[in-house]
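The values are calculated or read from the model by the stated rules, or taken from the named source; none is laboratory data. Predicted model, so just to flag it, every value in this text is computed and none were measured. Note: ideal-geometry Cβ built from the backbone for every residue, glycine included; neighbour counts use all protein chains shown.
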Amino acid sequence: MTESITENRGPRIFLNYRREDSGFEADSLYAHLVDHFGSQQVFKDIESIELGHDFVDAISGSLTACDCLIAVIGPRWLELLQARLSDMNDFVRMEISIALDRGIRVIPVLFGGAELPEPRRLPASIASLTRRQALTISTVADFERLVGALRTSSSSLPRQKQNSSTAPQPTINETERVEDRKQTHVSSASYSITSSSLPRSIQGYSGRVFISVAGAGYRLKWEFTNASPYHGIALTEEKVLAVGWGSPRTGHGVAIYRRTADHSLVGRWAMDEQGTGIINVGTERLEASPGSVSASDLQGKFRVAGVDPTGRKYSGDVSVARNGETYTLEWTVGTRSYRGTGILTGDVIAVGWGIATGVGRYRVTPSGLVGTWAHPGGSNLGAESLALE
């Protein structure tokens, strides 16, 4: 009999980076960490700080929930940091400073030949960053070393145990998550609000909704032209997406959506109007935005940019076509072309490609795909991102 012990969810990781310096590398690192620990354990970007809110408090609150901050450092990191020394709203510097001040574990991760700068070249608030043991990532073994170090940081938490005579089995949550995704086909994508209704009004509203996979559930963010954003979390049950949402200013509510044959989401929402005891009810229809990528309809022409296992950058085009339960991918990079076959599970597609059968693994995001790849005999990983044309 297998002993049942609560599964360790792993460390809570805050990814600190500057997009102009290491945006691509941070995206690849994020995908790799999510594959190991789940999206609920990895925090990348503060999506929204509402007008009038103290941004220091917002960053401080996000870091409070984390066990470790990874500072992603590329070749231009120091140059861009020094250019912003007079900018009091430099979140990159502020996040590192708060983490160091609070004694949160900070791991500098170096890409592209970058090195830790000397303390004298850094502001006093983050000078102690140079005393943290850094890790240079250029091979598969480096990624695994980072994952191992992060797991060690949470080794005191209870872990799931298995009888040594039985093969590993997926947890109930993992099984339910796969089945729910098969039934609803709701995946990471950007949607436009094409029709809506408000209580006591003949006019509706417009905006966008971003839906992203988060562990066994989903995260949603509504953006409007003339109003503050709303955030929500959701679960799936059969053909339905059930959402809890709200904002600190206006209160909280619930929504329920059903997926239609044309991949739209049609639903109703209710909100408890703060201080009145009145529950407002409205409706909403969401349609996938042009240029948005969804795992439920993964196909089209993409621009690819990447770095091969030797560190050389490349770019080109990729076409993705659905072929029954598999996908056909064709790369054109310069004068060379490659062809592969992919299998999609949730928001991750695994691809075998090339004459010598290389392998790639990509995560579907609203803007495209981000992933890593390798070829036979190689010890290093390549990395690339695909953006929908």
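In the condition set (1) more than 27 Å from Tyr191 (Cβ to Cβ); (2) at pLDDT below 85; (3) among the polar types (S, T, N, Q), Thr332 is compliant with all but (2). The single residue among Gly204, Gly306, Gly267, Gly244 that is assigned to a loop (DSSP other than H, G, I, E, B) and either modelled with pLDDT of 80 or more or closer than 30 Å to Leu386 by Cα (or both) turns out to be Gly204. Take the conditions (1) within 16 Å of Ile193 (Cβ to Cβ); (2) modelled with pLDDT of 80 or more; (3) within 23 Å of the chain's Cα centre (by Cα); Gly253 misses just one of them, which is (3). Among strands (runs of 3 or more DSSP E) entirely within region 1-92, having at least 2 residues that are modelled with pLDDT of 85 or more singles out 13-16, 68-73. Picking from residues in region 317-349 that are buried (at least 16 other Cβ atoms within 10 Å of the Cβ) and among the aliphatic types (A, V, I, L, M), the one that is nearest to the chain's Cα centre (by Cα) is Val348. The condition of being assigned by TED's automatic domain parsing to the domain that holds Leu33, under 12 Å from Arg18 (Cα atoms) and over 24 Å from the mean Cα position of the chain (by Cα) holds for only one of Leu78, Leu100, Leu122, that being Leu78.
The requirement of being part of a loop (DSSP other than H, G, I, E, B) and either assigned by TED's automatic domain parsing to the domain that holds Arg93 or at pLDDT 50 or above (or both) is not satisfied by Ser165. For Ser385, the requirement of being of a type in the set (Ser, Thr, Tyr) and either crowded, with 22+ Cβ neighbours inside 10 Å or at pLDDT 85 or above (or both) is met. Among the candidates Ser125, Ser97, the residue that is surrounded by fewer than 15 Cβ atoms within 10 Å (Cβ to Cβ), in contact with a Ser or Thr (Cβ under 6 Å, 6 or more places away or on another chain) and within 20 Å of Thr64 (Cβ to Cβ) is uniquely Ser125.
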